[in-house]
Amino acid sequence: MTSRDPWSARNSIYAAPPAKSAPAKPPRARMGFLSFVWKFIRGMCTAVGAMVIITSLIIFWTFSSALQNVEAKAGLPEKFVLYMDLDGNLGDLAREASLADPFVGPGPTLKDFLDSLERARTDKRVQGVYARMEGGGYALAHIQEVRAAIQKFRESGKFTYVYSSSYGDAGGLGNYYLALAFEQIWMQPMGVVAITGLNAELPFLRSVMDKIGVEPLFFQRKEFKSAYENITHSGMTEPNRKMTEYLVKDLTDTLAQEISADLAMKPEEFKALVDKGLFTAQEALEAGLIHYADYADILVQEINSIVNGDPEMDAEYIKFSDYIREGRPKENIFGNDMFANLASGENSKKKKGQDVQDPPSVALIYAVGVIMPSEGDDSPSLFDDGIAAANQIAGALIEASQDEDIKAVVLRVDSPGGSPVASETILRAVQLVQMEGKQVIVSMGPTAASGGYWISAYADQIFVLPTTVTGSIGVVGGKFSMQALWSILGVNWERIQWGTNAGMWSSNTPFSESEAERINAMLDNVYNNFVERVAIGRNMTPDEVDRIAGGRIWTGKSAVKIGLADRLGGLNDALDYAAKQLGKNSRQDIQVVIMPKPLAPFERFLNMLEQQVYAHNALRTQAHVMEAIQPYMAEMAILQNPQNYSVYAPVDVKP
């Protein structure tokens, strides 16, 4: 008998019944048990392996961040050139690690940049600055603060050279405006200088809305509050046009005045260059827009000659990010103050033979992003600048009010606004600080409009940059009605409600007369309270505030003129002012305490892991979509098989 494969012995639906003389043996229970044990062991090994991998990642990520600081502090050369990469990645808050880029270190903040450049001014090791500008772009207000720091550095007599393949080749003035702060501007021979001016383009979508049957129903307070105008109108309203034209003119006047001064020409001469717009390298040289049209290696040789006296002897170049890390305080990877003090030997405030008198402390608190009650109200990825969480900001303000070591607060605001309730929470916390006899000084960054101004209204002093966008004291609210869209699609909605205005926020119908009355009453209440708070904070009457409010946007320069701000200046100017209020000469004589305290590397890693929640939220959103269409899918099933649902009576009551 020939041998057969093992599978041939098994029963098949095509096989003959087995002989009764050879009954099949019962399966062995022991093999099933061993299989279960094997699966359990394999699962445990998988889990342990996963834990080992995760732990290794935690250790690697945590210590890599700390080691960067250790390497930076290990010692820089005795003589070097600072190398800057001006790529547009600079803001008030550091770029944090994310699941998309988990190993990025804490990026430099604007304060890091300004403080380090100021330190480099008197650092004998620093011979000069070599900057590369390739792509990216900064907010105008940030450019003004960086320009001021570079110009201050130049007073030391050290060189500052900037190089780019082109300046503003995508249009605009921003990058070239920044480059003018440097002593020499270099550009590749095939590059271009684009100084095409400023423009504001706004898309209007009302015609599209009408075509698809969606009616935007929004009410504004007042005529200049144009937040939703691009969907409620098919073109600019006169108030919006007037405001936008004034805004562009005000910004242009500031830029033209400063740029023409840098170029040592009259504003009308610079305007003639702007009207031309685009310049080749040779044309830019002839117009005096750049100093050299040459290659980067030639500039490096020039720097070598300055530093070493020999163009062929390479100078030492240190990345500005490394120089920033060298100047940062020692960082405890776990964020525990006790461990940090023990590790650094600073657990005592006294040195041998003398007392250490700590300088007065000033809290620096950031309100950056869309103002929401808490960070969990929306995924930060929805907004370019993230979330300014009222619970965190107000908590930091209250902590500063109760901390005896904190003598004043500087609130840095870069926010287009958001929730009036969240804004009021922060404003109340500002009051609590002032009730403790501590001044609150606001430093406005690129934007402090609407809710961003609301939280600033009670400040003892408000600092703005000339190009800060602020004001917008107004409110807008409403909804979309998709009634016409449903009619086009043939969908008929029926409603059973309890309460006259129960369907107020339904997108299936427009506002009824009573619903519209309630919405307008709410908006009037918010607007009147907004005006009242500004009047109290700025020592004006409500009528005086109303004349400059109405939702109108102002530049920082104009805000000072009309009384919405007190002084022109950046973050460092606000800190200097706080120091002088405490009897000190400048910010160098105070201790600036950032609140809430920045996260340590290990804490940042845990925070990054929490971002998995947002991935979960994305899946949950999909689930909500399925939940929304589930009733219609069920109705389709009923229509297809009505006999199966004879006693089906769905009831869906929503409060």
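List pairs: first in the stretch 290-302 and under 25 Å from residue 264 (Cα atoms), second surrounded by fewer than 17 Cβ atoms within 10 Å (Cβ to Cβ), Cβ under 6 Å, 6+ apart or cross-chain?
Taking only residues 6 or more apart or on different chains, the pairs are 291/184; 293/189.
Return yes or no: is residue 431 more than 18 Å from the chain's Cα centre (by Cα) and either modelled with pLDDT of 95 or more or not in a loop (DSSP other than H, G, I, E, B) (or both)?
In short, yes.
Go through 316, 238, 223, 245 for me and flag whichever is open to solvent by 70 Å² or more (accessible area, probe 1.4 Å), in contact (Cβ under 8 Å) with a residue 60 or more places away in the chain and under 30 Å from residue 526 (Cα atoms).
Answer to the selection: 223.
Given the conditions (1) at pLDDT 95 or above; (2) open to solvent by less than 40 Å² (accessible area, probe 1.4 Å); (3) in a helix (DSSP H, G or I), report the number of the one that residue 565 does not fulfil.
If we test residue 565 against (1) at pLDDT 95 or above; (2) open to solvent by less than 40 Å² (accessible area, probe 1.4 Å); (3) in a helix (DSSP H, G or I), just (3) comes out false.
Report whether or not residue 168 is closer than 14 Å to residue 277 by Cα, free of Cβ contacts under 8 Å to residues at least 60 places away in the same chain and open to solvent by 20 Å² or more (accessible area, probe 1.4 Å). First the steps, then the outcome.
Details: closer than 14 Å to residue 277 by Cα: yes; free of Cβ contacts under 8 Å to residues at least 60 places away in the same chain: yes; open to solvent by 20 Å² or more (accessible area, probe 1.4 Å): no.
Spelling it out, it is not the case that residue 168 is closer than 14 Å to residue 277 by Cα, free of Cβ contacts under 8 Å to residues at least 60 places away in the same chain and open to solvent by 20 Å² or more (accessible area, probe 1.4 Å).
Please go through the stretch 395-421 and pick out each residue that is under 19 Å from the mean Cα position of the chain (by Cα), hydrophobic (A, V, I, L, M, F, W, C) and open to solvent by 10 Å² or more (accessible area, probe 1.4 Å).
none
Spot the failing condition for residue 365; the list is (1) modelled with pLDDT of 90 or more; (2) part of a helix (DSSP H, G or I); (3) within 17 Å of the chain's Cα centre (by Cα), and only one is missed.
All conditions pass for residue 365, except number (2).
State yes or no: is residue 316 in contact with a strand residue (DSSP E or B) (Cβ under 6 Å, 6 or more places away or on another chain) and either at pLDDT below 90 or farther than 22 Å from residue 168 by Cα (or both)?
It is true that residue 316 is in contact with a strand residue (DSSP E or B) (Cβ under 6 Å, 6 or more places away or on another chain) and either at pLDDT below 90 or farther than 22 Å from residue 168 by Cα (or both).
I'm trying to understand the selection: among the residues of the stretch 301-310, which are open to solvent by 30 Å² or more (accessible area, probe 1.4 Å) and on the phi < 0 side of the Ramachandran plot?
So in the stretch 301-310, the residues open to solvent by 30 Å² or more (accessible area, probe 1.4 Å) come out as 301-302, 305-306, 308-310.
Those that are open to solvent by 30 Å² or more (accessible area, probe 1.4 Å) and on the phi < 0 side of the Ramachandran plot: 301, 302, 305, 306, 308, 310.
Mind checking which pairs have a first residue in the stretch 178-196 that is of a type in the set (Ser, Thr, Tyr) and a second that is open to solvent by 30 Å² or more (accessible area, probe 1.4 Å), Cβ under 9 Å, 6 or more apart or different chains?
Partner pairs satisfying both residue conditions: 196/171; 196/278.
Tell me the residue from 181, 149, 200 that is hydrophobic (A, V, I, L, M, F, W, C) and in a helix (DSSP H, G or I), please.
Exactly one of 181, 149, 200 is hydrophobic (A, V, I, L, M, F, W, C) and in a helix (DSSP H, G or I), namely 149.
Among 422, 396, which is the only one that is part of a helix (DSSP H, G or I) and modelled with pLDDT under 95? Reasoning before the result, please.
On the way: 396 fails: modelled with pLDDT under 95.
One residue alone meets the criteria, 422.
Residues checked against (1) open to solvent by less than 50 Å² (accessible area, probe 1.4 Å); (2) part of a helix (DSSP H, G or I); (3) at pLDDT 95 or above:
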| position | (1), (2), (3) |
| --- | --- |
| 231 | yes, yes, no |
| 256 | yes, yes, no |
| 269 | no, yes, no |
| 299 | yes, yes, yes |
| 312 | no, no, no |
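How many residues, within the stretch 463-515, are touching a Gly at 6+ places or on another chain (Cβ under 9 Å), over 23 Å from residue 208 (Cα atoms) and either open to solvent by less than 40 Å² (accessible area, probe 1.4 Å) or outside any loop (DSSP other than H, G, I, E, B) (or both)?
Here the count works out to 14.
Kindly indicate whether residue 464 is within 24 Å of the chain's Cα centre (by Cα), modelled with pLDDT under 95 and within 22 Å of residue 225 (Cβ to Cβ).
Judged against the criteria, residue 464 is not a match.
List the residue pairs whose Cβ atoms are under 7 Å apart, where the first residue sits in the stretch 127-144 and is under 19 Å from residue 296 (Cα atoms) and modelled with pLDDT under 90, the second is assigned to a strand (DSSP E or B) and not basic (Lys, Arg), and the two are 6 or more positions apart or on different chains.
134/164
How many residues, within the stretch 184-215, are open to solvent by 70 Å² or more (accessible area, probe 1.4 Å) and within 25 Å of residue 258 (Cα to Cα)?
3
Can you list residue pairs whose Cβ atoms sit under 6 Å apart, with the first residue in the stretch 259-280 being touching a residue at least 40 places away in the same chain (Cβ under 8 Å) and under 17 Å from residue 181 (Cβ atoms) and the second being outside any helix (DSSP H, G or I) and open to solvent by 70 Å² or more (accessible area, probe 1.4 Å)? Count only pairs 6 or more apart in sequence or on different chains.
none
Go through the stretch 150-165 and report how many residues are under 19 Å from residue 570 (Cα atoms) and open to solvent by less than 20 Å² (accessible area, probe 1.4 Å).
2
The values are calculated or read from the model by the stated rules, or taken from the named source; none is laboratory data. Quantities reported herein were computed from a predicted structural model and do not represent experimental measurements. All Cβ positions, even for glycine, are placed from backbone atoms using ideal geometry, and neighbour counts span all protein chains on display. To get the accessible areas, we keep the full protein, side chains included, count just its heavy atoms, and leave off ligands, DNA and RNA. Shrake-Rupley method; radii C 1.70, N 1.55, O 1.52, S 1.80 Å.
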